[in-house]
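Input: a single structure, listed below in structure tokens.
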Amino acid sequence: MPIFKYKAFTQGKKLQTGLVEANNRNYVEEILREKGLSIVTISQVSSANKFGFSLFGRVKIKDVVIFSRQFSVLIAANVAMVQALKILIDQTGNINLKMIISEVADEVDSGSPLSEALGKRSNVFSDFYVSVVKSGETSGKLDEVLNYLADEMEKDYDMTSKIKGAMIYPAFVLCSLAAVGVVMMIFVVPKLTAILTESGAELPLSTKILIGTSGFLTNYWWVLLVVIGGLIFAFKLFLKRPQGKRQFDLIKLKLPVFGHLFQLIYLVRFTRSMNTLIVGGVTISNGLKVTADVVNNAVYRELIEKTIKEVEDGNSISSVFMDSKVIPKMVSQMLSIGEKTGKMDIILARITDFYAREIANLVANLMTLMEPIIMVIMGVAVGIMVAAVILPMYNMASNF
């Protein structure tokens, strides 16, 4: 649906601005009048495409980080919460986030707690985010909590971006190689192998496989697309099942080289999230409940859920971790020290920094290793294709 920006006076004669999602301008006027507002201006700021989706896309993590940091600055400057939210409506570039902030401002102005208003938008503000904000409201340190939250979210965003960026180059090269291979099989190889087929000579096995693959792709390329689409659909259905998701998450942890990288990523997510929650004033038990979903791995979620039961029974947070194969012994021992000394936040921060550096080093080493591997794959692929075409031609020439 289209999004409209409005300016209107409240019953207290205060000028209010905001965003409303509605089918048309008349419906916007009805909504505003029901709220008791005197309309000044209404203007359309976005439209939906023919499929009904917003043209401005979803709210990215980076947008939420910027919002949190700016909100923290305004709160620290003693700007009233509702006024700060209304200021941020104009400061935010993402139209969808503009509308969400406008709705949150209206709800807070009506008496709802900020955390409650944010919690209703779980597609943008996670349980982790809402829990930290709620603790900031309770402790009266909302500005500090928001600023710390923005810092930690930014670190997590930077780590994820670096890993994705490192994988773009090999993924692009391999996809390009596959695309070039398919094009050659359909358009080039048939012309090169036509003379070999017509000669009636005995062809090597590699040449027969090449001709068979080329013929299949030329005549039945649609079968390949159907198979790929079916496999993707089946894989998505498999992941929707709890047991399937757990099995896939377990496989990721056991992959050679990459399994260790995934393990480090999940550890950093856990320690960074727990540290942020504890600094924000959330109890260890509640913090564990939130991080169980933040980690986004079924194996680690089960481990954290067992830990929650142990903590609620009065046992140590490290008791379950000690016996786990997916948690390094150093982490368990440091968490135990953090509990005994009462400095869990400091210990978690140090663990996070240590493993974040390990991730950066591992990704850099993988990038260095991937380049020669890709060159070898390309060389082997080209070599096989050349041998399958040139070798029989050479044999034919030798017979004359």
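Only residues that are outside any helix (DSSP H, G or I) and either not assigned by TED's automatic domain parsing to the domain that holds Ile163 or not aliphatic (A, V, I, L, M) (or both): list them for the range 217-263, please.
Arg241, Pro256
Quick one: how many residues across the range 173-216 are out of contact with any Leu (no Cβ under 8 Å at 6 or more places or on another chain) and outside any helix (DSSP H, G or I)?
Matching residues across the range 173-216 total 3.
Considering the range 308-335 alone, what residues qualify as being assigned to a helix (DSSP H, G or I), within 23 Å of Phe354 (Cα to Cα) and either touching a strand residue (DSSP E or B) at 6+ places or on another chain (Cβ under 6 Å) or of a type outside the set (Phe, Trp, Tyr) (or both)? Before you say what the answer is, go through the steps one by one.
Going through the range 308-335, the residues assigned to a helix (DSSP H, G or I) turn out to be 308-312, 318-321, 329-335.
So of that shortlist, the ones also within 23 Å of Phe354 (Cα to Cα) come out as 318-321, 329-335.
Within the range 308-335, Ser318, Ser319, Val320, Lys329, Met330, Val331, Ser332, Gln333, Met334, Leu335 meet the criteria.
Given Met370, Met375, which one is in a helix (DSSP H, G or I), surrounded by 15 or more Cβ atoms within 10 Å (Cβ to Cβ), of a type outside the set (Ser, Thr, Tyr) and assigned by TED's automatic domain parsing to the domain that holds Cys175?
Met370
Report every pair of residues separated by at least 6 positions or lying on different chains whose Cβ atoms are under 6 Å apart, first residue within the range 77-95 and in contact (Cβ under 8 Å) with a residue 60 or more places away in the chain, second of a type outside the set (Val, Ile, Thr) and crowded, with 18+ Cβ neighbours inside 10 Å.
Pairs that qualify, where the first residue is in contact (Cβ under 8 Å) with a residue 60 or more places away in the chain and the partner is of a type outside the set (Val, Ile, Thr) and crowded, with 18+ Cβ neighbours inside 10 Å, are Lys86/Ala105; Ile89/Lys98; Ile89/Ser102; Ile95/Ser46.
Check Val45 against each of (1) of a type in the set (A, V, I, L, M, F, W, C); (2) surrounded by fewer than 17 Cβ atoms within 10 Å (Cβ to Cβ); (3) at pLDDT 85 or above and name the one condition it does not meet.
It is condition (3) that Val45 fails.
Please specify each residue of the range 97-119 satisfying the condition of being farther than 17 Å from Ile87 by Cα and either of a type in the set (Gly, Ala, Ser) or free of Cβ contacts under 8 Å to residues at least 12 places away in the same chain (or both).
Once the filter is applied, which keeps residues that are farther than 17 Å from Ile87 by Cα and either of a type in the set (Gly, Ala, Ser) or free of Cβ contacts under 8 Å to residues at least 12 places away in the same chain (or both), the range 97-119 yields Ser110, Gly111, Ser112, Ser115, Glu116, Ala117, Gly119.
Restricting attention to the range 314-349, which residues are more than 26 Å from the chain's Cα centre (by Cα) and in contact (Cβ under 8 Å) with a residue 24 or more places away in the chain?
Ile317, Met344
The values are calculated or read from the model by the stated rules, or taken from the named source; none is laboratory data. Since the structure is predicted, the reported quantities are computational estimates derived from the model, not experimental observations. In this analysis, Cβ positions are derived from the backbone assuming ideal geometry, glycine residues included, and neighbour counts consider all displayed protein chains.
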